Each structure stands twice: as structure tokens, then as C-alpha cells.
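The values are calculated or read from the model by the stated rules, or taken from the named source; none is laboratory data. Just so it is clear, the structure is predicted and the values come from calculations on it, not from any experiment. Every residue, glycine among them, receives a Cβ derived from its backbone with ideal geometry; neighbour counts consider all protein chains shown. Protein only, heavy atoms only, side chains kept; ligands, DNA and RNA dropped before computing areas. Shrake-Rupley method; radii C 1.70, N 1.55, O 1.52, S 1.80 Å.
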Amino acid sequence: MTQRGWVLFLAMGVIWGVPYAMIRIAVEDFDPIVVAFGRTALGALILLPIALYTKTLAPVLERWRPLLLYTLVEITGPWFLIGYAETTLNSSTVGLLIAAVPLVGVVILAKPIQGLGAKMWPKYSFAHDRFDARRTIGLIIGFAGVAALVGFDIDLTQPAAIGAIGLTTIGYAVGPIIINRALADLPPLGVVTGSLILAAVIYTPFAALRRPTHFTADASWSVLGLAAICTAAAFLVFFALISEVGPARATVITYINPAVAILLGVTLLDEPLTVGMGIGFPLVILGSILGTTRARAAEEPAATPVTQS
């Protein structure tokens, strides 16, 4: 990885480790759909004047179909589902469960999935990774870590919360692939702004039905921080990371995300440091490393990113 790639990687690991604590604070007073709406609407308002001034939005809207698909799997679904899950789960637990994203990405980019991907998106080239013994071992170790976390830390009488995070990991793994295959040649600012606008529009009728009757300072500041730092700024950095290292490796920011989420959850929100975290965290990270690191000579690239200017 290049020096620029490492800088982007570390920045994203920290920036997207913070939202879990902010979401946890926000959903104590606001409905999860309201939090997701506020995050997308405010994020879009921040970026829209810049996108209009630089004329980067119009070309993106012409390719609205893949933009809508990306919005649904990377933003609309996951951001509501995470908020819903955090009404019952600790923020640190959610952050660690989402560390399984690289493992899901490996499965999606593996050879057996290539034929399905080509049928679903025939216009785009679906390169793949060789699904060898090392990757298989990595997947087993990583998902064992997830199982340990679920078994020790999560009340299994709340299957909806676990399912919400499971769907989120799939969406987060698919999103970068859509960017790389269908949107990477478009201006990143336009893609981010367009997707946030679409997400806000989708959320609007549901948020109106769940609008809060009062606003607390902590929840309001959390939503604003989610919009400005963890959305508007973060997505610009994320697109740059995908362009630099490709979609499969870009999802490996989740190596750092759970560590940040756990640190903030324990220190700021008084969440417990549990046995499940102690067992699950190293297993998930080790499994993700084994599952996503490519052999230097023997394997084909996971994706062929389109260079952005």
C-alpha cells in the first residue's frame, strides 16, 4: 500500500469508528429513522453548494440507477439498521460485529460469486480473488470471533438487532464494489452528494411520522457530528481510499473501526469491556487479515479500480 493509501486508511479507521458512540447517544432521544434522516439531510446540505459550484452533480444524476443501488445498500439500509440495533446493543458491540465486513467482501469477490455478479451487472467487469485455503481459514477464524461475541455479549432473545447488523455488513461489503464497477469514473463529490440527497428523500416520509417532540443538546450535537464529520468529510476520504487501494482493501478500515468504537464506548459511555470482546476482537481481526491479504504473485487482483483525478 502506498503512503497516501496508509494515511487515508488510518483516517477512515478513526472517522468511522466514532459514529457508533454518536449513534448510541442520538438514539436515546431520537428515533433511529430520524437520526439517519438528520445525518443524510444535513450532510447533503453541507456538500450541495460545493457540488453545484464545481458542477460535479449533474453527470452523476445521469447514472441514477447504480447511484440508487449504491445509496440503498451503503446508506439507506445500513444507517437505519445500525441505529435500530443500537437501541438494544452497546455501540462497541455493534462496531465489532461490523468488523466482519471484510470477510463478507471476500466471499462476494470470490470465484463462485463471479458468475452471479456478471449476470446481475453485465456491463461491468467482475474480477475476483482466488478462494484458497488461507482465505478459508481466515473466514473460519473471523466468523468464529463474531460467534464468540454474539454468544457471550448479545441477548439472543433480540434476533432482530443481530439480523440488522448482519444485513448492514452485507450492504457495506457490496457498496464499494458498486462504486468501483459503476461510479468510480464520476466525480466523488457528486456521487457522495447525490447519494445523500437520495437517502434523505427516501427517509423523509418515515422521519416525518417519527419526528421528535423535543430536542436534547447531546442528541442534537451527535446528529450534527454524524452529518459533518462522519458523513460529509468521511465519504470524500472513503472514495479516495477506494481509488487508491480498491474496494476489497478499502473495507479493511474495519480493522481499526472496532478498536475506536470499543475505546469510546468504554471510556465515554461506560459500556463494559466484556469477555466476548476479549475473545472476539482478535479473532475477527486475524480472520480479516488472513481473508483479505493477497499473495503477491499467485493471485489475481480483487478489483481493477478506475483512477480518479
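Regarding LEU290, is this residue surrounded by fewer than 19 Cβ atoms within 10 Å (Cβ to Cβ), in a helix (DSSP H, G or I) and at pLDDT 70 or above?
no
Conditions tested, residue by residue: (1) in contact with a strand residue (DSSP E or B) (Cβ under 8 Å, 6 or more places away or on another chain); (2) open to solvent by less than 10 Å² (accessible area, probe 1.4 Å); (3) outside any helix (DSSP H, G or I); (4) not β-branched (Val, Ile, Thr).
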site: ALA182; (1), (2), (3), (4): no, yes, no, yes
site: VAL191; (1), (2), (3), (4): no, yes, no, no
site: LEU198; (1), (2), (3), (4): no, no, no, yes
site: PRO205; (1), (2), (3), (4): no, no, no, yes
site: PHE215; (1), (2), (3), (4): no, no, yes, yes
site: PHE235; (1), (2), (3), (4): no, yes, no, yes
site: SER243; (1), (2), (3), (4): no, no, no, yes
site: GLU271; (1), (2), (3), (4): no, no, yes, yes
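Take the range 49-82 and flag every residue that is open to solvent by less than 60 Å² (accessible area, probe 1.4 Å) and either over 22 Å from the mean Cα position of the chain (by Cα) or of a type in the set (Ser, Thr, Tyr) (or both). Lay out the reasoning, then the answer.
Residues of the range 49-82 that are open to solvent by less than 60 Å² (accessible area, probe 1.4 Å), as a first pass: 51, 56-57, 59-60, 66-71, 73-79, 81-82.
ALA51, THR56, LEU57, PRO59, TYR70, THR71, THR76, listed by residue number.
Residue count for the range 133-169 under the criterion of being open to solvent by 40 Å² or more (accessible area, probe 1.4 Å) and within 15 Å of VAL94 (Cα to Cα): the result is 12.
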